[in-house]
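In what follows, a single structure is set out as structure tokens and then discussed.
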Amino acid sequence: MSTETTQSDLFKPFKMGAIQLANRIVMAPLTRSRSPINDAPTEMNAEYYRQRASAGLIISEATNISQQGKGYAFTPGIYTEAQVAGWKLVAEAVHKANGKIICQLWHVGRISHPSLQKDNALPVSASAIKPVGQSFTESGMKDHVTPRALTLEEIPGLIEQYRHAAACAKRAGFDGVEIHSANGYLLQQFLSDVTNQRTDQYGGSIENRCRLVLEVTQAVVSVWGSERVGIRFSPVSPANDMKETSPMKTYSYLAEKLNPMKLAFVHLVEGSTGGPRDIAPGFSFQELKSKFTTVYMANNGYTLEMALAAREKNTADLICFGRPFIANPDLVERFKEGIPLAQLDPKTLYGGGAEGYTDYPAAHGK
Ligand code: 8OZ
């Protein structure tokens, strides 16, 4: 372990809003599709999160706020009593291990498939525009379909889905929540001038396209208080056939509107989600960071060296690691002690049981 590593405040406590973190390393939300029964977590999921509790903060895998919001087979929800009970196991296990965990609130919008919806309903979106790509359903990959545009009358009910899920997450004992407004899912489908072609007050101008996410944030803050709520954006990521033509303008406006709400953090996917960081010449995440007054959580392809440099130069307050946490439950200790990282097995990423999930050992056992 080098002195540069030991002296970095990456490994020192940090207060994020009302949540006290043991260090500045965040376990990123990671979909693992291991909740096949009632979309509810079990002891196995609790064990997986417990093993990773030395992260300063764990963000849960993306968690459906309603059946309508579900777009991937075997992903968990946070809207029924069984799901609250399942997540209680998770939150208790993480807390017992002195960790902190927040719930990522997710509605996929058009990235769903009728086979995952109640009565084979069409997925919903800002507008009836079909994404290129396929959905992960219980019977394999299926082409996306043309979604149905939400009516103006349905918007209050949609916001209520977020409020209800936020209240369920609170009862489950999470430390807070993250609103998933990234990666081409429903909230970004409203933000984007490409996927949002509405002509009512939720489409057209930047103000109108940002309206839904701001109303959702208000609803979630009404449950949790602003100091336990964060939000995730991916302004330039092509994930899930997303495109925004002037992201700096849109996200600068969001910063201006979100700053007075005093959220706990803003989480940025810097580049193409899970891919290259330098995909948008001319777009500067540091410029965007300067517009936000809250804690800046950086994500996408960070190595330990990059994280140390980010703290040295203060280009981020908190650093997310995603895939490295899968095969290295003790990632923080490995970083501190200079222990080589284990590589994950891609075959066991999604679905299945304990194999490739809770059986990656910590370097020193446990
Ligand atoms: C990978 C596989 C399935 C879902 C995201 C929730 O992109 C996801 C996701 C990622 O945010």
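The values are calculated or read from the model by the stated rules, or taken from the named source; none is laboratory data. Please read these numbers as outputs of a predicted model, since none were measured by experiment. Reconstructed Cβ throughout: ideal geometry from the backbone, glycine too, with neighbour counts over all protein chains shown. SASA here: full protein model, heavy atoms, side chains in, ligands and nucleic acids out. Shrake-Rupley method; radii C 1.70, N 1.55, O 1.52, S 1.80 Å.
Below are the figures for this structure:
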item: Kyte-Doolittle mean at least -0.5 and Cα axial length at least 20 Å: DSSP H helices in the chain; result: 81-96, 155-172, 206-224
item: GNM top mover of 118, 170, 291 - the chain, alpha-carbon springs below 10 Å; result: 118
item: Computed P(r) (all Cα pairs; the range 22-70; 10 Å bins; percent); result: 23, 51, 23, 3
item: Positive dipole terminus of the range 3-348, leading residue within 18, 63, 166 (C-beta point charges); result: 18
item: Hydrodynamic radius (Kirkwood) for the chain, which is based on Cα pairs only, to one decimal in Å; result: 20.4
item: Surface accessible to a 1.4 Å probe, residue 9 within the full protein complex, Å²; result: 50
item: Centroid-to-centroid separation of the range 48-79 and the range 334-366 [C-alpha atoms, Å]; result: 18
item: Leading residue at positive end of dipole, the range 5-160 (Cβ point charges), from 122, 103, 5; result: 5
item: Square roots of 5 times each gyration tensor eigenvalue, C-alpha, the range 243-366, largest first, Å; result: 32, 17, 14
item: Options 51, 279, 177, ranked by Cα towards positive dipole end of the chain, top entry (Cβ charges); result: 177
item: Magnitude of the charge dipole, the chain, Cβ model with Lys/Arg +1 and Asp/Glu -1, debye to 20; result: 340
item: Cα principal axis extents for the range 181-265, largest first, Å; result: 32, 26, 19
item: Relative contact order (%) - the chain, alpha-carbon pairs under 8 angstrom, separation at least six; result: 17
item: Convex hull volume per residue for the range 295-344, taking Cα atoms only, in Å³; result: 76
item: Spatially proximal lysines relative to residue 130 (Cα-Cα < 23 Å; intrachain offsets below 8 disregarded); result: 70, 118, 142, 243
item: The chain: most fluctuating residue of 271, 109, 230 per GNM, C-alpha cutoff 10 Å; result: 271
item: Sequence-distant lysines (8 or more away, or on other chains) whose Cα lies within less than 18 Å of residue 12; result: 100, 313, 336
item: Total charge dipole magnitude, the range 84-176, about the Cα centre, Cβ charges on Lys, Arg, Asp, Glu only, Debye to nearest 20; result: 240
item: Dipole in debye (nearest 20) - the range 195-345, about Cα centre, beta carbon charges: Lys, Arg +1; Asp, Glu -1; result: 340
item: Of 351, 71, 184, the one that fluctuates the most in a GNM where the chain has Cα springs shorter than 10 Å; result: 351
item: Mean separation of Cα contacts under 8 Å, 6 or more apart, over the residue count of the range 1-126: relative contact order %; result: 26
item: In Å², nearest 10: area of residue 100 left accessible to a 1.4 Å probe; result: 50
item: Mean residue ellipticity (222 nm) of the chain, computed from DSSP H runs ≥ 4 via -39,500 (n - 2.57), nearest 500; result: -9000 deg cm²/dmol
item: Percentage of interatomic Cα-Cα distances in the range 161-211 larger than 19 Å; result: 41
item: Percent antiparallel among DSSP beta bridges (both partners in the chain, rounded to 5); result: 20
item: Sequence of 88, 70 from largest to smallest accessible area, 1.4 Å probe; result: 88, 70
item: Evaluated over the range 28-168, the Cα radius of gyration and Dmax, each in Å; result: 15.6, 46
item: Between the range 238-257 and the range 159-203, the alpha-carbon center distance in angstrom; result: 15
item: Using alpha carbons only: equivalent-ellipsoid semi-axes of the range 56-99, gyration tensor based, whole Å; result: 22, 12, 7
